[in-house]
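Below you'll find the structure, written out as structure tokens, and then a few comments.
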Amino acid sequence: MELGYYIRDEIVEILEERIGDPKPTINPVWLRSKDGWMHSGFVQPVENKKNEPLKKIPNGGALMEVTVPFTQAWSIDDRGWKRKYRCYYGSTYWVTNVFSGVNDTYWYQIFDERYRELYAVDAADLRLIQADELTKISPDVRDKHIEIDLIRQRLTAFEYGKPIFTTPTATGSFEGDTPIGEFRVERKTPTRHMASNLTGNEFDLPGVPWVCYISWTGVAFHGTYWHNNYGTPQSHGCINLTPEASKWVYRWTDPFAPADEDYVEADQGTPVIVYES
């Protein structure tokens, strides 16, 4: 029996988590709020952590992560401030500058690489990602590869043929969206504004974190802040992961991406095998 619904971006307290009937979805996780049970697929776990703003940004900018459920991005011109989009928990951005406003409020300027524009966000809502968070995992291991099982919706990382990490995924909604075959991690960026205006395939997702491209057509591993439905195919072709899992893949795979680099590429990145079991 349906008891009600929540509107988009409503913040609710989760009191309990349980595994329920997996049908009709592969994701069997259900969550209880004060109003009743709801499927976890579109309930994004978040925190609400405020931060001490930096008073100066390093030359070249700084990589930062949103630590509140969402924060508003604004464009500023001679006519005033205009709302652009919301930046959601776990999304990442390059911060290029900081300035103070009324009531000693500090604002960061984030760079939107898609629109080539600068937007302002409340500095207390973002935290600096430290260099030691992005050190390479297993730097001395020469034999690494990743396997994606499209039927089981599972990513598994291997070292010398032995599995050392596994996590659920959400790959392409339709057959062929996520291509089957052998690939390599070709390019990396810690943040990307992904968007499409193709009819039937529209989306607009700023600040997608920890992106590892395996194809020049745009297929990539990346963190996902707009759903929590892992184990169920529902992407436009990319391999959706939790922000935590995608950050692990970003650190573990080649080519290595230093904390102060916003883009790296290589011909001989970590091998990736996509198959149907």
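The values are calculated or read from the model by the stated rules, or taken from the named source; none is laboratory data. What you see is a predicted model, and the numbers here were worked out from it, not measured in a lab. Cβ: placed from backbone, ideal geometry, glycine included. Neighbour counts: every protein chain shown.
The figures follow:
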item: Test: residue in the stretch 142-150 that is out of contact with any strand residue (DSSP E or B) (no Cβ under 6 Å at 6 or more places or on another chain), of a type in the set (A, V, I, L, M, F, W, C) and under 30 Å from Tyr108 (Cα atoms); result: no
item: Any pair with Cβ under 7 angstrom, 6 or more apart, that starts in the stretch 26-52 at a residue that is of a type in the set (Lys, Arg) and ends at one that is in a strand (DSSP E or B); result: Arg32/Glu16
item: Lone qualifier among Ile26, Ile11 - being more than 28 Å from Arg114 (Cα to Cα) and within 20 Å of the chain's Cα centre (by Cα); result: Ile11
item: Any pair with Cβ under 8 angstrom, 6 or more apart, that starts in the stretch 241-260 at a residue that is in contact (Cβ under 8 Å) with a residue 12 or more places away in the chain and crowded, with 21+ Cβ neighbours inside 10 Å and ends at one that is in a loop (DSSP other than H, G, I, E, B) and aliphatic (A, V, I, L, M); result: Tyr250/Ala257; Trp252/Ile137; Thr253/Val185
item: Total residues in the stretch 193-230, condition outside any strand (DSSP E or B) and either buried (at least 17 other Cβ atoms within 10 Å of the Cβ) or within 13 Å of the chain's Cα centre (by Cα) (or both); result: 10
item: Check on Phe174, assigned by TED's automatic domain parsing to the domain that holds Asp254, part of a loop (DSSP other than H, G, I, E, B) and among the aromatic types (Phe, Trp, Tyr); result: yes
item: Tally, over the stretch 1-50, of residues that are among the hydrophobic types (A, V, I, L, M, F, W, C), over 30 Å from Glu261 (Cβ atoms) and part of a loop (DSSP other than H, G, I, E, B); result: 9
item: Test: residue in the stretch 119-139 that is surrounded by fewer than 17 Cβ atoms within 10 Å (Cβ to Cβ), among the hydroxyl-bearing types (Ser, Thr, Tyr) and farther than 17 Å from Trp252 by Cα; result: no
item: Residue check for Lys56: in contact with a Ser or Thr (Cβ under 9 Å, 6 or more places away or on another chain), within 16 Å of Gln109 (Cα to Cα) and not aliphatic (A, V, I, L, M); result: no
item: Condition met for Pro168 (under 14 Å from Leu241 (Cβ atoms), in contact with a Lys or Arg (Cβ under 9 Å, 6 or more places away or on another chain) and not β-branched (Val, Ile, Thr)); result: yes
item: Scope the stretch 33-82; condition charged (D, E, K, R) and either within 16 Å of Arg8 (Cα to Cα) or surrounded by fewer than 17 Cβ atoms within 10 Å (Cβ to Cβ) (or both); matching residues; result: Lys34, Asp35, Glu47, Lys49, Lys50, Glu52, Lys55, Lys56, Asp77, Asp78, Arg79, Lys82
item: Residues within the stretch 199-219 that are closer than 14 Å to Gly237 by Cα and of a type outside the set (Gly, Ala, Ser), tallied; result: 10
item: Sole exception among (1) within 30 Å of Pro233 (Cα to Cα); (2) under 17 Å from the mean Cα position of the chain (by Cα) for Lys34, by number; result: (2)
item: Looking only at the stretch 43-58, and only at residues there that are of a type in the set (D, E, K, R) and closer than 12 Å to Pro69 by Cα, the one that is farthest from the chain's Cα centre (by Cα); result: Lys50
item: Candidates Pro58, Pro53 - the one that is part of a loop (DSSP other than H, G, I, E, B) and at pLDDT below 95; result: Pro58
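Each row is one residue, and each column tells you yes or no for (1) closer than 21 Å to Tyr88 by Cβ; (2) in contact with a strand residue (DSSP E or B) (Cβ under 7 Å, 6 or more places away or on another chain); (3) hydrophobic (A, V, I, L, M, F, W, C).
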{"site": "Phe203", "(1), (2), (3)": "yes, yes, yes"}
{"site": "Ile214", "(1), (2), (3)": "no, yes, yes"}
{"site": "Trp226", "(1), (2), (3)": "yes, yes, yes"}
{"site": "Ser246", "(1), (2), (3)": "yes, yes, no"}
{"site": "Pro271", "(1), (2), (3)": "no, yes, no"}
